[in-house]
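In what follows, a structure is listed as structure tokens, so that the remarks can point back to it.
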Amino acid sequence: MADRQAEWDTAGRAKAAQVKVDSNLFDRMWNQLKPGSQRIVRAMTIGGLAVIGVPLVVTALMHVADPTKYFDDRSTWNEMLEDLKVSAWDVWITYFSEVAPYWMGHASETVQRYLRFELIGMFDELGRIATEISGTLTTLAWDIVDYNTSLVDLVTSYGPILMALVPFSGTLPGKALLVAAAFGFLKLLWGLVKEFIGKLKSLDLKLETLGHKMFELRGLFNVGDNKLHLKPVGYDPNLWVPVTKEN
């Protein structure tokens, strides 16, 4: 237990050292986006593009998210990965140091084969899944950061431009410039939203595949439960033969 506690402490320090964004960054971005998007909506309304412009701006804002949760989820999966490695090692050491030296026969050989070629392999596969999910969540978190910052850049750049053209919208050339600038903004905005949705779709499909793998592994770990009415490996005590004649 002392060794395990030391490992947990080490994992805790590693979690604290993991790279992630400032927890207040999202709030600062949102405070920039709100007034900027309001100015853009006002300019597009004056330019007569409210019908197509406002829904797209709203859609873009709806995809803004706080990445902190995904960084925390990544850390949780890393902790589970650490626990999986320790648990597999516990099983291995416990059997081959506490059990195997004192027993021989069919049951002992069967359990050893099970540990060597099945159980440890399933632990390793779970570890690979945890690693992939952790990596996927990390990618998702940084994609969100990239999307948020790109949206802030776009809104803060075009907001002043569109508002500067609003006073000239009373003239035909001025309104044409305003409409052209608004269309340019909407084109860039749609490209940003479309790219981000594509990334989300790709990551979602990856997580779905990993979820299916976990369900398959759960079935392998549960072999021997009441569903299949099978006895666990080495269950019959008559198959265990002591290495010596002593009890």
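Placing +1 on the Cβ of every Lys and Arg and -1 on the Cβ of every Asp and Glu, with nothing else charged, gives the chain a dipole about its Cα centre of roughly 1300 debye. The residues of region 128-178 expose, per residue, 45 Å² of accessible area to a 1.4 Å probe. Residue-wise HN-Hα couplings along region 32-39, as the Karplus relation 6.51 cos²θ - 1.76 cosθ + 1.60 with θ = phi - 60° gives them from phi, are 7, 6, 4, x, x, 5, 5, 5 Hz; Gly and Pro carry x.
Per residue of the chain, the DSSP helices (runs of n ≥ 4 H) give a summed -39500 (n - 2.57) that works out to -26500 deg cm²/dmol at 222 nm. Since only P167, A65, S37 are under comparison, the one whose Cα sits farthest along the positive direction of the charge dipole of region 23-228, derived from C-beta charges on Lys, Arg, Asp and Glu, is P167. Compared with the alpha-carbon gap, the fully stretched path from Y102 to R28 is longer by 20.2 nm at 0.36 nm per residue.
The listed peptides 32-41, 188-197, ordered by packing as a protection proxy, come out as 32-41, 188-197 (highest mean of other Cβ atoms within 10 Å first). For the chain, the longest principal axis of the Cα atoms and the long axis of helix 50-62 meet at an angle of about 30 degrees.
Quick one: with all protein chains in place, what share of the accessible area of the chain is carbon or sulfur, to the nearest percent (1.4 Å probe)? The C+S portion of the solvent-accessible surface of the chain is 61 percent.
Let's test the formula: R0 of 35 Å, r as the Cβ-Cβ distance of L172 and L61. What FRET efficiency results, to the nearest 0.05? Efficiency for this residue pair is about 0.65.
Kirkwood radius and radius of gyration were both taken over the C-alpha atoms of region 66-170, and their ratio Rg/Rh is 1.48. In terms of overall dimensions, the C-alpha atoms belonging to the chain reach 106, 38, 22 Å along their principal axes, ordered largest to smallest.
Residues considered: A100, A65, A141. Largest GNM mean-square fluctuation over the chain, using C-alpha springs under 10 Å, is found at A100. The stretch between K187 and T244, if pulled fully straight at 0.36 nm per residue, gains 12.4 nm over its current Cα-Cα span. Any idea what angle helix 120-165 forms with the longest principal axis of the chain, computed on alpha-carbon atoms, 0 to 90 degrees, nearest 10? That works out to roughly 10 degrees. Backbone amide hydrogens, once placed in the peptide plane, bring W103 within less than 5 Å of V243, excluding anything fewer than 5 places away on its chain.
Principal-axis analysis of the Cα atoms of the chain puts helix 68-94 at an angle of about 10° to the longest axis. The label point for T110 and the one for F221, both projected 7 Å from the Cα toward the Cβ, are 2.3 nm apart.
The values are calculated or read from the model by the stated rules, or taken from the named source; none is laboratory data. Keep in mind the model is a prediction, meaning the values are calculated, not measured. Positions of Cβ are generated from backbone atoms using ideal geometry, with glycine treated the same way; all protein chains shown enter the neighbour counts. Areas reflect the complete protein model, heavy atoms only, side chains present, ligands, DNA and RNA absent. Shrake-Rupley method; radii C 1.70, N 1.55, O 1.52, S 1.80 Å.
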